[in-house]
Amino acid sequence: MERPGESRRGGRGCLLDLPWEDILVPHILCHLPLQQLLSLQRVSKSFQSLIQLYLANMRCFDSSQVGSAIPRAAFVNLLKDNEVLQQLALQNCSDWLTDRELLPVIGQNHHLHQIQLKGCAQLSRHALVAISLSCPNLRQLSLAHCEWVDSLSLRSLADHCKALEAVDLTACRQLKDEAICYLVQKCSRLKSLSLAVNANVGDVAVEEIAKCCPELEHLDLTGCLRVKNDSIRVLAEYCPKLRSLKVKHCHNVAESSLSILRSRGVELDVEPPLQRALVLLQDVVGFAPFINLQI
């Protein structure tokens, strides 16, 4: 097999003449779409060796770059030699991804700081335990619509991944206030947290979030029916860096608590009562009367 640095066309050089590990892998191939890189493997044995080297050294893997639905065998083959991943996004693997495929990847990649598992419903709590034990530097984790997440596996995450800054627990309906409180007590650096679509989350969890996470910037409580005004007021008091709050379909949260945040410029996903009334009126009669909202 031809080695990098050897001329392949007499006195003329070509792409493969460049140093692979110093130039091609870190500075050139990283800018090409993964799907195109995989196609290059068919060009020659040298290109196949080069792409295999790249796959073993890539820092970011996003399954959506391979195609709309990456096959199970292809996923296993692509990551079997990689031990340096920092970002892993597998939302396109949700139809077939199980612990059997994921755990070996997690077990050999201890530098992961961002993991996206949105909608991966066939995993189990063992996947989250494996992540917590293998990824101590984890910063961002999305477990949206992973209903297998339970309080015990979340406690393991909180105990071992205290550098977490963003966690998405949307529709993780097994989790209750106690589990959320434990998470935020251990992971006080959180800047973004989603607890949306979980009717088990109430004021106890929200107040603990407010008191434990002074750096919090984004909180999603959409559809958390047990959240009330009192906890929103505590949130306003303890989270001066809050930039956005979602409380749509939180029927017990009123403008009396939201107005404090609104006056600070916090982005809210519900309009003030008068504005909502004008929108409804416009929907009914086809136009809205002129009203000076600054009065």
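The values are calculated or read from the model by the stated rules, or taken from the named source; none is laboratory data. Quick caveat, the model's predicted, so the values are computed rather than measured. Every residue, glycine as well, gets a Cβ built from its backbone with ideal geometry; the counts of neighbours run over all protein chains shown. The area values use the complete protein model at the heavy-atom level, side chains included, leaving out ligands, DNA and RNA. Shrake-Rupley method; radii C 1.70, N 1.55, O 1.52, S 1.80 Å.
So here's what we get for this one:
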quantity	calculated
Calculated FRET efficiency for the pair Thr98/Ser151, C-beta based, R₀ 25 Å, to 0.05	0.70
Student exercise, the range 18-89 dipole from Lys, Arg, Asp, Glu Cβ charges, in Debye to nearest 20	280 debye
Projected area averaged over orientations for the range 83-169, convex hull of C-alpha atoms, nm²	4.6 nm²
Estimated inter-spin distance, Arg189 and Ala56, nm [label 7 Å along Cα→Cβ]	3.2 nm
Computed magnitude of the charge dipole of the chain (debye, nearest 20; Cβ of K, R +1, Cβ of D, E -1)	360 debye
Within-10-Å neighbourhood charge of Ala205 [Cβ basis; K, R +1; D, E -1]	-3
Dipole of the chain, positive end: most advanced residue of Cys14, Leu195, Val253 [Cβ charges, Cα centre]	Cys14
Listed pairs Lys191/Lys211; Lys186/Lys248; Lys118/Lys228; Lys228/Lys248; Lys176/Lys228 exceeding 21 Å between Cα atoms	Lys186/Lys248; Lys118/Lys228
Paramagnetic reach from Asn137 in the range 48-65 [backbone N under 14 Å; point 7 Å along Cα→Cβ]	59-60
Using a Förster distance of 45 Å, the FRET efficiency for Glu21-Val204 (Cβ separation, nearest 0.05)	0.25
Net dipole in debye of the range 94-184 [+1 Lys, Arg Cβ; -1 Asp, Glu Cβ; about Cα centre; nearest 20]	100 debye
Å² of accessible area per residue within the chain, as computed with a 1.4 Å probe and no ligands counted	51 Å²
Cα-based Rg / Dmax (Å) for the chain	24.4, 82
